[in-house]
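Below is one structure, written out as structure tokens; the observations come after it.
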2 protein chains.
Amino acid sequence: MKPLKISEAVVRRLPIYLRFLNELSLSNILTVSSQDLGEKLDLNPAQIRKDLAYFGEFGRKGVGYNVDYLIEKIRQILKLDKMMNVALVGTGNLGRALCNYNMYIKDNMKIVAVFDADQSKKGTLINHLTVRPMQELSASVRELGITVGIITVPAPEAQNVADQFVAAGIRGILNFAPVVLKATPGVRIHHADFTAELLSLAYYMDNIKGSKDGDGDL
Amino acid sequence: MKPLKISEAVVRRLPIYLRFLNELSLSNILTVSSQDLGEKLDLNPAQIRKDLAYFGEFGRKGVGYNVDYLIEKIRQILKLDKMMNVALVGTGNLGRALCNYNMYIKDNMKIVAVFDADQSKKGTLINHLTVRPMQELSASVRELGITVGIITVPAPEAQNVADQFVAAGIRGILNFAPVVLKATPGVRIHHADFTAELLSLAYYMDNIKGSKDGDGDL
DNA sequence: TAGATTGTTAATCGATTAACAATC
DNA sequence: TAGATTGTTAATCGATTAACAATC
């Protein structure tokens, strides 16, 4: 009934809604309007209503949205109902941080296996998880029902790891390495690219206050 | 001559171009076409040409772009010429990882001061940096000429830290906490929101292969 | 009933892509 | 000269916002 193509921009806002709704729910707030949401999330209320309306009629005119009901609906849409098992490759600083982090992700994703190409790390413990060698990747993915892979290796190795994930049958990848990975049909790749985020931040920083054209170097 | 407003989408692609150009330069490749770039970065060549053309005529017809020249130009555009000093607040797993990481960021940004609200962490060493108490934030920002702040505290504290950054005179913030921060005029805020990235990944994962409407739960 | 707020259509705005003359 | 590739205009596509009837 709604096989209508949903734009990526819309899907990317859903987790933002969800997160804030969870906060409201914890504060025992029962109802919220698109107006309220818009103010808190810095978005246009019309946009929020439109986003949600793609998936159904979740609100009540004159009243707003029932917080818990909307949470339930968004979780369904994002398929956060069932737990997904995650593999992480690359046990450098960032990889280890993410393994310990887990609590943030644990909403519905859990890192259940950790890998590193460096044989000397084999067997090391990271937050109750034993570091495994890459040779075991395929077998682990199968045995543990892993569907998501996280890449936290240095940039030059990232594509190789991605290829191994794909070969092992993983369905989604979150890549932290600062490279653009070649996409494979049937496997979704998202980039968590904070170095790019930092570099583009620089662009806006001096542009901000009324320095007009400013081609001088001060 | 070009005070023309550049779209955010364009600016966000520049670091991606820059990164790949740096790779090419290291491989001693002198020239690159928008075609080549497009293939490697999974972008439309016309878009790349248009993006670059906002800032000047950097290419040569029939030839392409000189790699090193283009690198230089993009660095100028993004204002990566001079080093920017960065403060980081929150020495949990992620914060510590970023401090050690530095190499990736060091292109032009350097974490020069680390803070934590937890007094018991005061004086701890993280990669040659001493953890400071929040009371010292303003003074440090002034003394060390810090212009960028990174937030790696738990979500409920993030807005408070952002406010302190703003009060201290910081010009740009990169926020890793999973909350939307209230923007302040004159201060640019970017979000490094990998939990949202993970949640939206879930949406696309089963949609991928031809499971059509699939309202069953298999 | 009066006030509030949704869902949705239409209008606007912006970003991407195609196409091609200019030119190296 | 012939082939390649830019810079740029025009066409297309998509996303955001405004406006308002429906209705709680």
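The values are calculated or read from the model by the stated rules, or taken from the named source; none is laboratory data. Owing to the predicted nature of the structure, the values given are computational and were not obtained by experimental measurement. Here the Cβ is made from the backbone with ideal geometry for all residues, glycine too, and neighbour counts use every protein chain on show. Ligands, DNA and RNA are stripped out before the accessible areas are found, and what is left, the full protein with its side chains, is counted by its heavy atoms. Shrake-Rupley method; radii C 1.70, N 1.55, O 1.52, S 1.80 Å.
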To the nearest 10 square angstrom, what accessible area does B:Phe20 show with a 1.4 Å probe? 30 Å²
For chain B, set up a GNM with springs between Cα atoms under 10 Å and report which of B:Val141, B:Val86, B:Val180 has the largest fluctuation. B:Val180
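Using the Cα centre of the stretch A:8-77 as the reference point, and only Cβ charges (+1 on K/R, -1 on D/E), how large is the resulting charge dipole? Debye, rounded to the nearest 20. The partial results should precede the final answer.
Numbers: 10 positive and 9 negative charges, 29 e Å.
Computed charge dipole of the stretch A:8-77: roughly 140 debye.
Going by a ≥ b ≥ c, the root eigenvalues of the Cα gyration tensor, does the protein assembly as shown fall in the rounded group (a/c under 1.5), the prolate group (a/b larger than b/c) or the oblate group?
Values: a/c = 1.22, a/b = 1.15, b/c = 1.06.
Taking the square roots of the gyration eigenvalues as a ≥ b ≥ c, the protein assembly as shown is rounded.
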For the stretch A:33-65 and the stretch A:85-99, write down the distance between their C-alpha centroids in whole Å. 36 Å
Can you list residues from other chains, or at least 5 along the same chain, whose modelled amide H is less than 5 Å from the amide H of B:Ile189? B:Ile173
Rounded to the nearest 500, what is chain A's calculated 222 nm mean residue ellipticity when only DSSP H runs of at least 4 contribute -39500 (n - 2.57) each, over all residues? -13000 deg cm²/dmol
Find, among the residues of chain A, the one whose Cβ sits nearest the axis of the rotation taking A to B; state the distance in whole Å. A:Ala97, 2
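How many Cβ atoms of partner chains, on average, are near each residue of A:10-19 if near means within 10 Å of its Cβ?
Numbers: counts 2, 7, 6, 2, 4, 11, 8, 0, 2, 8.
For peptide A:10-19, the averaged partner shielding equals 5.
Average partner chain C-beta neighbours within 10 Å, per residue of A:86-94? Don't skip to the end; give the middle numbers.
On the way: counts 1, 0, 0, 0, 0, 0, 3, 10, 7.
The mean count of partner-chain Cβ atoms within 10 Å per residue comes to 2.
Is the stretch B:8-77 rounded, prolate or oblate when judged by the Cα gyration tensor, a ≥ b ≥ c being the square roots of its eigenvalues, rounded requiring a/c under 1.5 and prolate requiring a/b larger than b/c?
On the way: a/c = 1.23, a/b = 1.19, b/c = 1.04.
It is rounded, given that a/c, with a ≥ b ≥ c, falls under 1.5.
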Once you've got the GNM for chain B with C-alpha springs shorter than 10 Å, pick whichever of B:Lys121, B:Lys40, B:Lys82 has the biggest mean-square fluctuation. B:Lys40
If A:Ser120, B:Ser33 are ordered by their accessible area, calculated over protein heavy atoms with a 1.4 Å probe, which sequence runs from highest to lowest? A:Ser120, B:Ser33
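Counting Lys and Arg as +1 and Asp and Glu as -1, each charge on the Cβ, what is the dipole of the protein assembly as shown about the Cα centre in debye, to the nearest 20?
Values: 52 positive and 46 negative charges, 77 e Å.
That gives a dipole near 380 debye.
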Magnitude of the Cβ-charge dipole of the stretch A:104-189, K/R +1 and D/E -1, about the Cα centre, nearest 20 debye? 180 debye
Starting from the Cα of B:Ser27, step 7 Å toward the Cβ, then list every residue of the stretch B:63-86 with an amide N under 15 Å from that point. B:67-68
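In terms of the Cα gyration tensor, with a ≥ b ≥ c the square roots of its eigenvalues, is chain B rounded because a/c is under 1.5, prolate because a/b exceeds b/c, or oblate? Intermediate values should be presented prior to the final figure.
Values: a/c = 2.08, a/b = 1.30, b/c = 1.60.
Judged from the Cα gyration tensor, chain B comes out oblate (a/c at least 1.5, b/c at or above a/b).
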Going from most exposed to least, what order do B:Glu23, B:Glu197, B:Glu143 have by accessible area with a 1.4 Å probe? B:Glu143, B:Glu23, B:Glu197
Would you calculate the separation in nanometres between label points at A:Ala139 and A:Lys50, each defined as 7 Å from the Cα along the Cα-to-beta-carbon direction? 5.3 nm
Ranking by accessible area, most exposed first, for B:Ile150, B:Ile16 with a 1.4 Å probe: B:Ile16, B:Ile150
Set Lys and Arg Cβ to +1 and Asp and Glu Cβ to -1, take the dipole of chain A about its Cα centre, and tell me which of A:Ile126, A:Leu181, A:Leu26 lies farthest positive. A:Leu26
Counting only other chains, and only Cβ atoms inside 10 Å, what mean value do you get across the residues of A:183-195? 5
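Determine the sum of side-chain charges near B:Arg132: Lys and Arg each +1, Asp and Glu each -1, restricted to other residues whose C-beta is under 14 angstrom from that of B:Arg132.
Working: positive: B:Lys121, B:Lys122, B:Arg142; negative: B:Asp116, B:Asp118, B:Glu136, B:Glu143.
So the environment of B:Arg132 carries a net charge of -1.
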Please list, in order along the stretch A:144-155, the HN-Hα scalar couplings obtained from phi with the Karplus expression 6.51 cos²θ - 1.76 cosθ + 1.60 (θ = phi - 60°), rounded to whole Hz, x for Gly and Pro. 9, x, 7, 10, 10, x, 10, 10, 10, 9, x, 3
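Students often get this wrong, so check it: of A:Lys121/B:Lys121; A:Lys50/A:Lys82; A:Lys50/B:Lys182; A:Lys40/A:Lys182; A:Lys73/A:Lys122, which have C-alpha atoms separated by over 31 Å?
Cα-Cα > 31 Å for A:Lys40/A:Lys182; A:Lys73/A:Lys122; rest within.
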